[in-house]
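A.B. asks: What follows is a single structure, and I will ask about it in a moment.
What follows draws every value from the coordinates through simple rules; no lab data is involved. Here the structure is a predicted model, which means the values were calculated and not measured. For neighbour counting, all protein chains shown are included, and Cβ atoms are generated from backbone atoms with ideal geometry for every residue, glycine included.
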Amino acid sequence: MPSFEALCTRLSGQAGWMPKMLWGGALTFIPVVNFLPLGYLMEYTLRLSRSGDGELPLWQDFSLLELFASGSKLALLLLGYLILPVLLGWGVSEFLDLLTFGFLGVAAYLPVGIGAFVGMFFFLSGVRSYARDGLYADAWRIREVATLAVSACRALIFPILAFWGLCLLAFPLYGFAFFIGFLSLLAYSSALFREMEKDS
């Protein structure tokens, strides 16, 4: 099994790592323009899946149209596998809070956390299903994505917790936390899924 800590160290040790992260984090703050860093993340994941090379590409390697198209695909996966479960959890939490007249307090919002945590497994598995063969429709084969998520859940628990912890701790700088966190998660999950496929 690949080491999440070692992978993060390798990523941050690459030449030109900081400017790439600064561009990605800064662009993430801007509505609509934030599809470009999402596209960078998707293109990086696709390259990593094809070649196994974890070298971060230059932003100039991609056209704006290419980044926007890939970013739209990643945004749809985020919406379907992560944002919708969080919204569903929020609805359940609001209902619980109303039903118990606020007696549960913060505990009523546990479903939101569960949606965010579980949704991330499905999101990463959906990205992998797409990246493996380059067929976007594969990312929406719910049963296969769920099977992949379950098979990798133990190895992904710590990286996902680390991602959400980074986002909470660095909330005022959420653009940078989001971009760097997702880059690390996607790189790690790609390496993990490749290794699992070799062993199977």
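A.B. asks: Largest first and in whole Å, give the semi-axes of the chain's equivalent ellipsoid, each being the square root of 5 times a Cα gyration tensor eigenvalue.
C.D. replies: Equivalent ellipsoid of the chain: 28, 20, 17 Å, largest first.
A.B. asks: With springs only between Cα atoms under 10 Å apart, run a GNM on the chain and tell me which of Ala69, Ala187, Ala137 wobbles the most.
C.D. replies: Result: Ala137 has the largest fluctuation of those listed.
A.B. asks: Within the chain, which complete DSSP H helices have Cα atoms spanning at least 30 Å along the helix axis and a mean Kyte-Doolittle hydropathy of -0.5 or higher?
C.D. replies: Both cut-offs are met by 110-133, 142-169, 174-199.
A.B. asks: Taking 0.36 nm per residue of sequence separation and subtracting the Cα-Cα distance, how much length would be gained by fully extending the chain between Val106 and Tyr174, in nm to one decimal?
C.D. replies: Extending this stretch completely gives an extra 22.2 nm.
A.B. asks: Determine, at each q value in 0.10, 0.25, 0.26 (inverse angstroms), the log₁₀ of I(q)/I(0) that the Debye formula gives when each Cα of segment 108-191 is one equal point scatterer.
C.D. replies: The Cα Debye sum returns log10 ratios of -0.26, -1.23, -1.27.
A.B. asks: Compute the length gained on full extension between Ile142 and Phe117: take 0.36 nm times their separation in residues and subtract their Cα-Cα distance, giving the result in nm to one decimal.
C.D. replies: Contour length minus Cα-Cα distance gives 7.3 nm.
A.B. asks: So which residue, out of Val118, Val106, Val150, gets the largest mean-square fluctuation from a GNM of the chain using Cα contacts under 10 Å as springs?
C.D. replies: Val106
A.B. asks: So how far apart, in nm, are the two label points at Leu99 and Glu5 if each is 7 Å from Cα heading toward Cβ?
C.D. replies: 4.2 nm
A.B. asks: With n ≥ 4 as the cut-off for DSSP H runs, can you work out [θ] at 222 nm for the chain, using -39500 (n - 2.57) per run divided by the number of residues, rounded to the nearest 500?
C.D. replies: Only helices count here, giving -25000 deg cm²/dmol.
A.B. asks: So, one more: R0 = 41 Å: FRET efficiency of Ser151 with Ser72, Cβ-based, nearest 0.05?
C.D. replies: 0.90
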